Amino acid sequence: MNHSEAIKEVNRLTNELNYHNHLYYVESNPEISDYDFDMLLKKLQALEGQFPDLADDNSPTKRVGGDITKKFETVVHKYPMLSLSNTYSKEEIEDWFVRLKKQVDGDLEYVCELKYDGVAIGIQYVNGRLKQAVTRGDGSQGENVTNNVKTIRTIPLSLSGDYPDDFEIRGEIFFPLKNFEALNAQRRENEEPEFANPRNTASGTLKMQDSKVVAERGLDCFLYGVYGATGLQSGHFETVQKVADWGFKIPKESLRYIEKKHTLDGVMDFINYWNEERDNLPFQIDGVVIKVNQYHNQEELGFTAKSPRWAIAYKFKAERVETVLNSVVYQVGRTGAITPVAILEPVQLGGTTVKRASLHNADQIQKLGLYLSDSVYVEKGGEIIPKIVGVNTALRKSDAELVEFIEHCPECETELVRREGEVQHYCPNETGCPPQMKGKIEHFIGRKAMDIDGIGTETVDALFEEGLIRNMADLYELTFDQVVDLERMADKSANNLIDGIEASKTKPFEKVLFGLGIRFVGETVAKKLAYSLKSIEALSTATFDELVAVDEIGDKIAMSIQTYFQEEANRELVQRLLSHGLIMEVEEKENASNKFEGLSFVVSGVFNAFSRNELKEIIETNGGKNVGSISSKTSYVVAGDKMGPSKLKKATDLGVTIVSEDEFLALLNK
C-alpha cells in the first residue's frame, strides 16, 4: 500500500471506528461484535505504525491510552467554572423561587438535572476536533488532562453535524458503579486496599500519569453545558438536546435524568422521585441541580461573586441509620491479611438490608472506640460498602465489653504480625492456615489466572476437606478416581475437571505468574515482569535493582517478590509446577525481521505514535534487545519528549547514538 492509499484507508477506518464507538458507548445499540471492532482497531494501529505521519492526535487508537504525563499543565479557564449554592429543604427551594420572581417579570421555565457525583470537566472543540480537556480546579484554573480524557469512549474525539467552529462543552466525568465494583474486586483479589468511593477514585484516575491505566478503568461522562457559542437555541434544555446531534452523550429525558418544569411542585416532584430512586442508578448522584432554562432570563439574573443566581443545587442528606453492634468477626484473606467485620442488627439502608459493615483495620476500631452492644451510626453516603461513622455513647451499657483487635489468627491460632508502615495485621502461616491455602488455590484457578474449567470454590472446598489438595501443585496430581468419589461429582464432571487442569498447562507464563499469588503482583504487574525478565528462573534470582528497573515496579513490589522466593516452600511449589509442565518462561515471538539483531536499545521519554512498551516490542520483534540503563555497549537511545537530563548527558558523554521517534521509525523502515 502506498502513502495515498494509506491516507484513504486510515480515514475510512477512523470514520468507521468512530461510528461504531458512538453506537456502542453512547447509543447502547452496537451493530458489530467486540471482536470485529477490535480487528478494525488493529488494522488502524498497524497502518499508523507503518505510516507514522498518519497517526492523528485524535485517532481512535488513542482510546486505549499509552501516553505518559509526568506533570499536568495548569490552564486558566476562559469561562470561570463557578460553584452552585446548596439547599437541603423544600423551604430553601421556595425562597429561591421567591427571589427569582422579584427579579424577573413573567413566568420562568426550569430545568431539573441529576447532580452527578464525579469530576467537573470542560472540553474545548475546534473545527469539530477535541483540542483540550481541563478539570474544574479552583474554578478559575484547572489541570490539562486531555490525554486521559481521550481514553473515555463516550467522549467524541471528532464531531458530526452543524457544530460551532470553536466552543467549550462542560459536564461530569464519573465512575460507573459496575466498573468501580469490578476494580475493587480486583484489588481485593490482589490483597490491596479498596477504594472508598467512586467520586474520589474518578478524580484520582483522571490525574494518573499513565493514560493506559485510565483507559482500562472505564470512566464515563455526561456532557450538557455549552459555552462560547451563541444563537444555538433559546434555552439550556434545548441546547442539551441539540448537542446530542453532534455526537455527545447527554442525560436522557426518557430516563428522567433531565426534565423541564414550570412550577415549584414540578421541581419538588423531580427531587422526591430521585431521592427515592437514586440507589437504582448505575452511577452515584448526591442531589439535583435546578436551572432557569431561558438564556435571556439567565442573563437578566446574572451572578454573585461565587455562583450564578439562576441555578441552585439541592443536596440529598447522607443516608444514616442507627443500629446495634452485635459482634466483630475477623476474615483471613489469601495473603493472610486480617479484616475485621462488624456484625450488626439488620437495618434498612439505601434500599437494602445491612447486616455487616467493614471496620477495615485495628486503627479504625481504636478510633471509633467501639464496645460490643454499642448503638452505632451506619452510613453509605458516597461509599459503596456500609461503614460505621460514630457511636451513640448515651446508650452504652455499663457492663459493655471493649472491642480489642485479636492477637492470634481466628483460623489457625498463629500469632499475628503487623509489618512496619502497614495498617493491616497478617497471619504469617501461609502454608498451614486453611483460608490462605484455599484462597491461593481459588486465585490460581480463577479466570484471570489459569482459568481452569470444571472447578470452582465448592470443589476446592471439597478437595481440601478430603485432604486431596493443600496447594495449587496438588491439582496436577489428581486422578479421575479420586475426583469422581466427591459428593455431587458425576463421571462427566470429573472428566471435565481433569481435562480442565490438563488444558491449563498451555497458559502463558504471565498467567502462571499471576496465579502464584505473590503479594502486590497483580495481573498487569505480572505481565510487565514476565515480558521483562522472561522466565521464572530469572525472576527468582533477580536482584532488587533489576526488579525496580522494570517499568512500574517499585520498592514494595520488588521486596515482596524477593521475600516470596526466599521461602523454601514457595521455591518447592514453583519447581513442582514446573515439573508438571506449566509454562515458566515467555515464549519468544517469531521475529518480524532481524534488522536489529545484535543491537541494544534504551527507550526513554514520552512519544507521540507509540507508548514505550510498544516501541520495546517493535525492537524485540525485529531482533533487538532492550536494556534498562545506558552504557558504552548501548547501540541506540530512542529519546522522546521529557527524557531525563541525566540519561541524556550520560548518552552524550559515552557517545551513544541518540535518535528521535521518527528517526527510529526510519531505521525500522530502512
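All of the numbers you see were taken from the coordinates with simple rules; none came from a lab. Everything quoted here is computed from the prediction, not taken from an experiment. Methodologically, a virtual Cβ is constructed for each residue, glycine included, from the backbone with ideal geometry; neighbour enumeration extends over all protein chains shown.
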- Given H placed 1.01 Å from N in the peptide plane, which residues other than close sequence neighbours of F316 have an amide H under 5 Å from its amide H? G287, V288
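If I take R0 = 45 Å and measure r between the Cβ atoms of D451 and M208 in this structure, what FRET efficiency does the formula 1/(1 + (r/R0)^6) give, to the nearest 0.05?
Details: r = 28 Å, r/R0 = 0.63.
After rounding, the FRET efficiency stands at 0.95.
Name the shape class, rounded, prolate or oblate, that the alpha-carbon gyration tensor gives for the range 434-506, where a ≥ b ≥ c are the square roots of its eigenvalues, rounded holds for a/c under 1.5, and otherwise prolate holds if a/b is larger than b/c and oblate otherwise.
On the way: a/c = 1.64, a/b = 1.11, b/c = 1.47.
In terms of gyration-tensor shape, oblate.
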- Query: So if R0 is 22 Å, what FRET efficiency would Y79 and E253 give, r being the distance between their Cβ atoms, rounded to the nearest 0.05?
  - Reply: 0.30
- Task: Pick out, from C221, V347, N594, the residue whose Cα sits farthest towards the positive end of the charge dipole of the chain, with +1 on the Cβ of Lys and Arg and -1 on the Cβ of Asp and Glu.
- Result: C221
- Note on the structure: Sequence order, the range 539-548: Karplus ³J(HN,Hα) from phi using 6.51 cos²θ - 1.76 cosθ + 1.60, θ = phi - 60°, Hz rounded, Gly and Pro as x, gives 5, 5, 10, 5, 6, 4, 5, 5, 5, 6
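So what is the 222 nm mean residue ellipticity for the chain from helices alone, if each DSSP H run of at least 4 adds -39500 (n - 2.57) and you divide by all residues, rounding to the nearest 500 deg cm²/dmol?
For the chain, the value works out to -10500 deg cm²/dmol.
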- Euclidean distance of C-alpha centroids, the range 499-524 and the range 550-588, integer Å: 11 Å
- Length-normalised contact order of the range 74-315 in % [C-alpha pairs under 8 Å, at least 6 apart]: 31 percent
- Item | Cα lying deepest toward the dipole's positive end in the chain, options V289, L368, F167, charges on Cβ | F167
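By the scheme Lys and Arg +1, Asp and Glu -1, what is the net charge of all other residues having a beta-carbon under 9 Å from that of P52?
Values: positive: none; negative: E48, D53, E661, D662.
Taking every Cβ under 9 Å from that of P52, the sum is -4.
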- Query: Put +1 on the Cβ of each Lys and Arg and -1 on the Cβ of each Asp and Glu in the chain; which of A318, F509, A133 then has its Cα farthest toward the positive end of the dipole?
  - Reply: A133
- Message: Could you tell me the relative contact order of the chain? Use alpha-carbon pairs under 8 Å, at least six residues apart, and round to a whole percent.
- Response: 10 percent
- Determine, for each peptide in 110-121, 622-633, the mean count of other beta carbons within 10 angstrom over its residues, then list the peptides with the highest first. 110-121, 622-633
- Under the Karplus relation with 6.51, -1.76 and 1.60 and θ = phi - 60°, whole-Hz ³J(HN,Hα) for the range 175-187, x at Gly and Pro, equal 9, x, 4, 4, 6, 5, 5, 5, 5, 5, 4, 5, 5
- Task: Arrange E415, E189, E9 by Cβ neighbour counts within 10 Å, fewest through most, would you?
- Result: E415, E9, E189
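Quick one: dipole size for the range 434-506, taken about the Cα centre, charges +1 on Lys/Arg Cβ and -1 on Asp/Glu Cβ, in debye to the nearest 20. All intermediate terms of the calculation are to be shown ahead of the outcome.
Working: 8 positive and 15 negative charges, 81 e Å.
Charge dipole of the range 434-506: 400 debye, to the nearest 20.
Charges at C-beta only: +1 for Lys and Arg, -1 for Asp and Glu. How large is the resulting dipole of the range 214-323 about its Cα centre, in Debye rounded to 20?
Working: 14 positive and 16 negative charges, 58 e Å.
That gives the range 214-323 a dipole magnitude of about 280 debye.
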- Message: Please list, by residue number, every one of the trypsin sites (Lys or Arg not before Pro) in the range 439-526 that is coil in DSSP and has at most 14 other beta-carbon atoms within 10 Å.
- Response: R447, K448, R488
- Residue order, fewest to most beta carbons within 10 Å, for M472, M1, M81: M1, M81, M472
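If you take the beta carbon distance between S307 and S632 as r and set R0 to 51 Å, what does 1/(1 + (r/R0)^6) give as a FRET efficiency, to the nearest 0.05?
On the way: r = 63 Å, r/R0 = 1.23.
Rounded to the nearest 0.05, the efficiency is 0.20.
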- Query: Summing Lys, Arg as +1 and Asp, Glu as -1, what charge do residues with Cβ under 9 Å from the Cβ of S504 carry, S504 excluded?
  - Reply: 0
- Could you pull out every Cys in the chain that lacks a partner Cys with its beta carbon under 4.7 Å away? C112, C221
- Task: Could you pull out every residue, at least 5 positions away or on a different chain, whose amide H is within less than 5 Å of the one on Y371? Hs are placed 1.01 Å off N in the peptide plane, and Pro or chain starts have none.
- Result: V403
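Around V324, what is the net charge, scoring Lys/Arg as +1 and Asp/Glu as -1 over all other residues with Cβ under 9 Å from its Cβ?
-3
Using a 10 Å cut-off around each Cβ, can you sort E401, E523 from fewest to most neighbouring Cβ atoms? Can you show the working numbers first?
Numbers: E401 10, E523 16.
Placing the least packed residue first, the sequence is E401, E523.
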- Using alpha-carbon positions, the gyration tensor of the chain gives root eigenvalues a ≥ b ≥ c; with a/c under 1.5 called rounded, otherwise prolate if a/b exceeds b/c, else oblate, the class is oblate
- Potential extension, K397-E487 segment - 0.36 nm per residue separation minus Cα distance: 27.6 nm
- Could you work out how far the C-alpha centroid of the range 145-203 sits from that of the range 601-670, in angstrom? 32 Å
- Item | Cα-centred dipole magnitude for the chain, charges only on beta-carbon of K, R (+1) and D, E (-1), debye, nearest 20 | 1780 debye
- State, to one decimal in nm, how far the label point of R320 lies from the label point of R470, with both points 7 Å from Cα in the Cβ direction. 5.2 nm
